[in-house]
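Below is one structure, written out as structure tokens; the observations come after it.
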Amino acid sequence: MEKSGIPPESVAAVGMDGQMAGIMGIDQQFQAVTPYDSWLDTQCEGEIARMKAQAGDQVTRITGGPVTYAHGPKILWWKNERPEIYKQIRKFVLPSTYICGRMCGLSADEAYIDHTCLHFSGFADIQALKWSEELLREFDVRPDKLPEIVSPWKIVGHLTPTSAAQCGLKAGTPVCAGAGDQAATSLGAGIVRPGLAFDVAGTASVFSCCTRAYAPDVQHRTLLYARSILPDLWIPLAYINGGGLCVRWIRDILAGTDPNVSYDALAKEAESLPPGSESLLFIPHFSGRVCPNDPDVRGSFLGLTMRHGRAHLYRAVLESIGYEYLQYYRILSQNTALCLDEVYCIGGGAKSRLYTQIKADILNLRYTTLDASDTGSWGAAIVAGHGVGLFPSMAQTAERALTKRETLSPDPERHRAYAHCANLYPKAIPALHALYREL
């Protein structure tokens with residue numbers, strides 16, 4: 001606020017967004033009872049196995065998401081492994097809800113979860129927008145431990161004098177519930193109509209699209225069928241826990257202490273290589289696979305020979321994200337019969353023309369990078385503006401602000417050249433699975 005020079009009275013509302021898959025417990029005064037149990041924390045693996053065995057298909061059909069490192073197994077872990085702490089927990093909330101509660105002086109009775117995060121809930125009926133009595137009964141979870149389900153634009157509180165002073169804002173400024181990070185990011189990127197796809201080339205590599213059809217992925221247990229912020233739209237998605245982290249890892253490994261080995265330098269070397277990195281495959285799941293959930297999978301290079309150098313290694317890592325996305329795209333097409341027109345791409349990886357072109361060629365889809373590197377804040381602002389009546393149409397507001405940087409078309413010849421490795425990639429993980437389990 002100091003840098004902007006904007007008077008606090010000009011701020012109409014505050015929007016929120018945050019990570020969706022993790023959970024934490026609070027007491028009646030909205031104080032933390034547990035640490036934030038992140039989606040990267042896999043200690044709930046035993047509960048995942050139990051939920052899958054007990055009612056895995058039902059969880060997917062009702063919540064829209066397969067059982068994974070998210071709210072359901074984590075809540076059951078606290079219940080079964082830390083019962084003393086579980087008794088102290090008044091509500092389970094997302095981290096953005098916790099921040100809002102503290103900023104607005106809420107009590108646990110005012111805790112909430114917005115509808116864009118329900119696919120990770122484990123216990124919510126995502127179509128009816130209510131907690132599922134069937135799933136709560138199946139897993140013996142008390143409904144009073146769970147927050148109210150609300151729309152993202154609902155005003156859930158107002159800034160207290162203390163928090164307003166800390167933020168440089170005006171006391172009483174309304175705060176909206178907001179949305180999950182991917183939902184806010186997709187709205188801010190203009191994903192407001194069916195046929196558009198979205199690639200977040202960030203720490204976690206996320207591929208999603210926009211559709212009007214609800215088609216939970218019971219067969220493959222790969223897609224997370226998330227609600228869009230916009231009513232009657234869905235943004236099914238799948239992601240790699242650390243896709244972007246893999247790119248940073250290989251850069252760091254190859255660079256060592258040489259400051260000249262940058263992302264751009266490696267990309268320049270890799271550009272001259274043929275599609276498929278001369279039959280070199282990389283598996284980007286260093287800490288287990290999330291979509292579908294499989295904790296035994298590990299990172300791997302397959303097909304190394306003496307002709308492979310550092311450019312091959314780097315390009316193979318980039319290509320692996322494209323191969324993974326292709327599996328998601330095929331399932332999307334199978335489940336929804338959706339024809340995608342274009343992929344909007346943001347995140348740090350969108351700065352790499354090579355990386356973007358590789359994904360366009362593998363998926364055979366046009367890729368457009370956007371001027372905004374992070375559209376989540378803008379998406380949260382649109383929601384907040386809508387909540388106080390400034391933006392009657394969130395979709396129109398997002399589309400009007402959209403600025404495209406560059407569009408890359410797929411090359412038919414390169415797409416055909418990728419076919420061999422793209423078809424080998426989904427066979428690699430099952431072929432190595434017994435070995436992964438022994439590692």
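The values are calculated or read from the model by the stated rules, or taken from the named source; none is laboratory data. This is a predicted model, so every value here is computed, not measured. Note: ideal-geometry Cβ built from the backbone for every residue, glycine included; neighbour counts use all protein chains shown. For the accessible areas, the whole protein counts, side chains as well, though only heavy atoms, and no ligand, DNA or RNA atoms are used. Shrake-Rupley method; radii C 1.70, N 1.55, O 1.52, S 1.80 Å.
What about Gly172, is it more than 22 Å from Pro95 (Cβ to Cβ), among the small types (Gly, Ala, Ser) and modelled with pLDDT of 95 or more? Outline the logic, then answer.
On the way: more than 22 Å from Pro95 (Cβ to Cβ): yes; among the small types (Gly, Ala, Ser): yes; modelled with pLDDT of 95 or more: yes.
Answer is yes for this residue.
Taking the criterion of being assigned to a helix (DSSP H, G or I), at pLDDT 95 or above and open to solvent by less than 10 Å² (accessible area, probe 1.4 Å), would at least one residue in segment 127-137 satisfy it? Spell out how you get there, then give the answer.
Of segment 127-137, the ones assigned to a helix (DSSP H, G or I) are 133-137.
The next check asks that each one be at pLDDT 95 or above; those that pass are 133-137.
With the extra rule that they be open to solvent by less than 10 Å² (accessible area, probe 1.4 Å), the set shrinks to 135.
For segment 127-137, residues assigned to a helix (DSSP H, G or I), at pLDDT 95 or above and open to solvent by less than 10 Å² (accessible area, probe 1.4 Å): present.
Determine if segment 75-98 includes at least one residue that is surrounded by fewer than 19 Cβ atoms within 10 Å (Cβ to Cβ) and aliphatic (A, V, I, L, M).
Of all residues in segment 75-98, those surrounded by fewer than 19 Cβ atoms within 10 Å (Cβ to Cβ) come to 80-85, 87-88, 95.
Filter once more, so that each one left must be aliphatic (A, V, I, L, M): 85.
Yes, segment 75-98 has at least one match.
Residue under question is Tyr355, and the condition is that it be under 17 Å from Cys209 (Cβ atoms) and crowded, with 19+ Cβ neighbours inside 10 Å; does it hold?
In short, no.
Of Asp144, Asp125, which residue is over 21 Å from Asp17 (Cβ atoms), over 21 Å from the mean Cα position of the chain (by Cα) and among the acidic types (Asp, Glu)?
Among Asp144, Asp125, only Asp144 is over 21 Å from Asp17 (Cβ atoms), over 21 Å from the mean Cα position of the chain (by Cα) and among the acidic types (Asp, Glu).
For Gly242, indicate whether it is over 19 Å from Tyr367 (Cβ atoms), open to solvent by less than 20 Å² (accessible area, probe 1.4 Å) and under 28 Å from the mean Cα position of the chain (by Cα).
Yes.
Filter segment 280-316 down to residues that are of a type in the set (S, T, N, Q) and open to solvent by less than 40 Å² (accessible area, probe 1.4 Å), then give me how many there are.
At the first step, the residues of segment 280-316 found to be of a type in the set (S, T, N, Q) are 287, 293, 300, 305.
Subset that is open to solvent by less than 40 Å² (accessible area, probe 1.4 Å): 293, 300.
So the count comes out to 2.
Here are some residues: Gln28, Gln58, Gln43, Gln54. Which one is surrounded by fewer than 16 Cβ atoms within 10 Å (Cβ to Cβ), in contact with a Phe, Trp or Tyr (Cβ under 9 Å, 6 or more places away or on another chain), over 30 Å from Gly188 (Cβ atoms) and at pLDDT 95 or above?
The conditions single out Gln54.
Considering each of Leu390, Leu435 in turn, give the residue that is farther than 24 Å from Leu340 by Cα and not in a helix (DSSP H, G or I). Give the steps one after another, and end with the answer.
Details: Leu435 fails: not in a helix (DSSP H, G or I).
Leu390 is the lone residue from the list that is farther than 24 Å from Leu340 by Cα and not in a helix (DSSP H, G or I).
Starting from residues that are touching a strand residue (DSSP E or B) at 6+ places or on another chain (Cβ under 7 Å) and small (Gly, Ala, Ser), keep the ones in segment 152-182 and report whichever is surrounded by the most Cβ atoms within 10 Å (Cβ to Cβ).
Going through the qualifying residues, I end up with Gly178.
Taking segment 212-224, which residues are under 15 Å from Arg330 (Cα atoms) and in a loop (DSSP other than H, G, I, E, B)? Step through it out loud before you land on a result.
Within segment 212-224, the first condition is being under 15 Å from Arg330 (Cα atoms), and the residues that meet it are 215-224.
Ala215, Pro216, Asp217, Val218, Gln219, His220, Arg221, Thr222, Leu223, listed by residue number.
Specify which of the listed residues (Gly72, Gly101) is in contact with a Gly (Cβ under 6 Å, 6 or more places away or on another chain), part of a helix (DSSP H, G or I) and open to solvent by less than 10 Å² (accessible area, probe 1.4 Å).
Exactly one of Gly72, Gly101 is in contact with a Gly (Cβ under 6 Å, 6 or more places away or on another chain), part of a helix (DSSP H, G or I) and open to solvent by less than 10 Å² (accessible area, probe 1.4 Å), namely Gly72.
Is it fair to say Asn364 is open to solvent by 40 Å² or more (accessible area, probe 1.4 Å), modelled with pLDDT of 95 or more, on the phi > 0 side of the Ramachandran plot and of a type in the set (S, T, N, Q)?
yes
Could you go through segment 406-420 and let me know if any residue there is touching a His at 6+ places or on another chain (Cβ under 7 Å), open to solvent by 60 Å² or more (accessible area, probe 1.4 Å) and under 20 Å from Val206 (Cα atoms).
As a first pass, look at segment 406-420 and keep what is touching a His at 6+ places or on another chain (Cβ under 7 Å): none.
No, because not a single residue in segment 406-420 is touching a His at 6+ places or on another chain (Cβ under 7 Å), open to solvent by 60 Å² or more (accessible area, probe 1.4 Å) and under 20 Å from Val206 (Cα atoms).
Residue under question is Gly65, and the condition is that it be part of a helix (DSSP H, G or I) and either at pLDDT 95 or above or surrounded by fewer than 16 Cβ atoms within 10 Å (Cβ to Cβ) (or both); does it hold?
Taking the combined requirement at face value, the residue does not satisfy it.
Does any residue in segment 121-148 that is touching a residue at least 40 places away in the same chain (Cβ under 8 Å) and over 17 Å from Met24 (Cβ atoms) come within less than 9 Å, Cβ to Cβ, of a residue that is open to solvent by 80 Å² or more (accessible area, probe 1.4 Å) and in a loop (DSSP other than H, G, I, E, B) six or more places away or on a different chain, and which pairs are these?
Every condition considered, no pair remains.
State which residue pairs qualify: first residue of a type in the set (S, T, N, Q) and inside segment 300-312, second residue surrounded by 15 or more Cβ atoms within 10 Å (Cβ to Cβ) in any location, beta carbons under 7 Å apart, and separation of 6 or more residues or different chains.
Listed by first residue and then by second, the contacts come to Ser300/Ile283; Ser300/Leu432.
Are any residues in segment 1-25 of a type in the set (A, V, I, L, M, F, W, C) and either surrounded by 15 or more Cβ atoms within 10 Å (Cβ to Cβ) or within 24 Å of the chain's Cα centre (by Cα) (or both), and if so, which ones? Please lay out each step first, then the result.
Filtering segment 1-25 down to residues of a type in the set (A, V, I, L, M, F, W, C) leaves 1, 6, 11-14, 16, 20-21, 23-24.
Selection gives Val11, Ala13, Val14, Met16, Met20, Ala21, Ile23, Met24.
Just the residues that are touching a helix residue (DSSP H, G or I) at 6+ places or on another chain (Cβ under 8 Å), within 15 Å of Gln19 (Cα to Cα) and of a type in the set (Phe, Trp, Tyr), please, taken from segment 54-109.
Scanning segment 54-109 gives Tyr69, Phe92.
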